[in-house]
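Following: one structure in structure tokens, then a few remarks.
The values are calculated or read from the model by the stated rules, or taken from the named source; none is laboratory data. A quick note: this is a predicted structure, and the numbers were derived from the prediction, not measured. Because the Cβ atoms are built from the backbone with ideal geometry, glycine has one as well, and the counts that use them run over all protein chains shown.
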């Protein structure tokens, strides 16, 4: 029997993941990540209860806690998830009789928020969910798992571990492997992804059959800390000294000024709706220039891109394997590259210098639209994730 730390968000996926792990005979420790603003109390410990006891129990042996990662019985919401989510996670843990802890990762999560704000102010399109997976869920949580002598770390992501390698999830509509490319290669053998072998509809049916109370719960929103309003409002609230300094002109690809905007941080490459300007024909954001404050607009054909460069790469295979797979012919699988979370993999070739594998160039077989600096470019060989980097 293996000891498994499971990231529990209170959603249907991680809740069913707990059930699947228990069915497989594992010892499961549920963990809820607190990294947001304080709100109402949830998951409160009963008076006199052992704060290290399993949820729903009054006493249990204490688990060791890694220095610098304070763990405590969840007593109020401080996370990206809502207070309801924390309460749901506690209730599911209690139903299964497994220990349930909250990790205070608020300081770590500030790094995510700062990255999000800074990227928009640099004219890029950040992906905080992917960064959170790399830095926190499969970063700090791995540290905690080591601290409690766990054999594995598990999450409710729709992806699969096959022979120690990361693959797409069985449900192509819910696949989340794109968001996991940055996990350290050495940590792959200690990952468990229990729901990756199921369709989402199956997971909901399992939750319903177990009467977990989360079977019909909606999936969490993409940017968990932007709970209301536009993301640009959040950026301005975090950098009030910059309000007004990012306003500028809308210009077309041929240099014509066609309007003004209140701040380029409100836009992203590929955006069409919400521009607040009528040009007679559909126009899209083609480029954002933080040096001139210009948002460049063009017709759809201007979005087409044949290649991209990426940096800060993380590879889940050796440089030798990558070179071999990059040279493989399309009929034997070939490579594909995905450039956004909800996008599709596009056939492509990948070029890199083995001496500097942290940088690479992608040449698409056919032009793709809306390649946005700041997003991840994830490289696949069939369903297998080879790694990826950040579009420059």
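Picking from 22, 63, which residue would you name as being touching a strand residue (DSSP E or B) at 6+ places or on another chain (Cβ under 9 Å) and at pLDDT below 95? Talk me through it step by step, then tell me what you get.
Working: 22 fails: at pLDDT below 95.
Checking each option against the conditions leaves just 63.
Is it true that some residue in the stretch 157-173 is in the same structural domain as residue 111 (by TED's automatic domain parsing), crowded, with 18+ Cβ neighbours inside 10 Å and closer than 20 Å to residue 86 by Cβ?
yes
Among the candidates 232, 220, 186, which residue alone is out of contact with any strand residue (DSSP E or B) (no Cβ under 9 Å at 6 or more places or on another chain), surrounded by fewer than 22 Cβ atoms within 10 Å (Cβ to Cβ) and within 19 Å of residue 380 (Cα to Cα)?
186
Inside the stretch 140-177, can you point out the residues that are within 20 Å of residue 203 (Cα to Cα), in a loop (DSSP other than H, G, I, E, B) and in contact with a strand residue (DSSP E or B) (Cβ under 6 Å, 6 or more places away or on another chain)?
Within the stretch 140-177, 155, 169, 175, 176 qualify.
Checking the conditions here, which among 284, 267 is free of Cβ contacts under 8 Å to residues at least 60 places away in the same chain, farther than 30 Å from residue 183 by Cβ and either within 26 Å of the chain's Cα centre (by Cα) or buried (at least 16 other Cβ atoms within 10 Å of the Cβ) (or both)?
On the way: 284 fails: free of Cβ contacts under 8 Å to residues at least 60 places away in the same chain.
The match here is 267.
Can you pull out the residues in the stretch 117-127 that are assigned to a helix (DSSP H, G or I) and buried (at least 22 other Cβ atoms within 10 Å of the Cβ)? Working first, answer last.
Here is the first cut: in the stretch 117-127, the ones assigned to a helix (DSSP H, G or I) are 117-121.
Passing the criteria: only 120.
Would you point out the residue of the stretch 91-106, among those that are more than 20 Å from residue 25 (Cβ to Cβ), touching a residue at least 60 places away in the same chain (Cβ under 8 Å) and touching a strand residue (DSSP E or B) at 6+ places or on another chain (Cβ under 9 Å), that is surrounded by the fewest Cβ atoms within 10 Å (Cβ to Cβ)? Write out each step before concluding.
Filtering the stretch 91-106 for residues more than 20 Å from residue 25 (Cβ to Cβ) gives 91, 94, 101-106.
Those left that are additionally touching a residue at least 60 places away in the same chain (Cβ under 8 Å): 91, 101-106.
Pick out the ones that are also touching a strand residue (DSSP E or B) at 6+ places or on another chain (Cβ under 9 Å) and you get 101-106.
Working: 101: 24, 102: 26, 103: 26, 104: 17, 105: 27, 106: 15.
Among those residues, the one meeting the criterion is 106.
Which of the residues that make up the stretch 373-382 are modelled with pLDDT of 95 or more, out of contact with any helix residue (DSSP H, G or I) (no Cβ under 7 Å at 6 or more places or on another chain) and surrounded by fewer than 23 Cβ atoms within 10 Å (Cβ to Cβ)?
Once the filter is applied, which keeps residues that are modelled with pLDDT of 95 or more, out of contact with any helix residue (DSSP H, G or I) (no Cβ under 7 Å at 6 or more places or on another chain) and surrounded by fewer than 23 Cβ atoms within 10 Å (Cβ to Cβ), the stretch 373-382 yields only 373.
Restricting to the stretch 133-148, and then to whatever is farther than 18 Å from residue 189 by Cβ and modelled with pLDDT under 90, can you tell me which residue is surrounded by the most Cβ atoms within 10 Å (Cβ to Cβ)?
Within the stretch 133-148, the match that is surrounded by the most Cβ atoms within 10 Å (Cβ to Cβ) is 136.
So which residues in the stretch 306-316 are over 16 Å from residue 351 (Cβ atoms) and surrounded by 18 or more Cβ atoms within 10 Å (Cβ to Cβ)? Spell out how you get there, then give the answer.
Within the stretch 306-316, the subset over 16 Å from residue 351 (Cβ atoms) is 312, 314, 316.
Correct list: 314, 316.
Step by step: first the residues of the stretch 352-372, then only those that are within 18 Å of residue 320 (Cβ to Cβ) and in contact with a strand residue (DSSP E or B) (Cβ under 8 Å, 6 or more places away or on another chain), then the one that is surrounded by the most Cβ atoms within 10 Å (Cβ to Cβ). Which residue is that? Break it down stepwise before answering.
First, the residues of the stretch 352-372 that are within 18 Å of residue 320 (Cβ to Cβ): 352-360.
Filter again for in contact with a strand residue (DSSP E or B) (Cβ under 8 Å, 6 or more places away or on another chain), leaving 352, 357-360.
On the way: 352: 21, 357: 17, 358: 13, 359: 15, 360: 24.
Result: 360.
Inside the stretch 107-131, can you point out the residues that are modelled with pLDDT of 90 or more and either under 27 Å from residue 198 (Cα atoms) or touching a strand residue (DSSP E or B) at 6+ places or on another chain (Cβ under 6 Å) (or both)?
Correct list: 123, 127, 128, 130, 131.
Would you call residue 349 modelled with pLDDT under 95, exposed (fewer than 13 other Cβ atoms within 10 Å of the Cβ) and not assigned by TED's automatic domain parsing to the domain that holds residue 264? Even if it seems obvious, please write down each step before you answer.
On the way: modelled with pLDDT under 95: yes; exposed (fewer than 13 other Cβ atoms within 10 Å of the Cβ): no; not assigned by TED's automatic domain parsing to the domain that holds residue 264: yes.
It is false that residue 349 is modelled with pLDDT under 95, exposed (fewer than 13 other Cβ atoms within 10 Å of the Cβ) and not assigned by TED's automatic domain parsing to the domain that holds residue 264.
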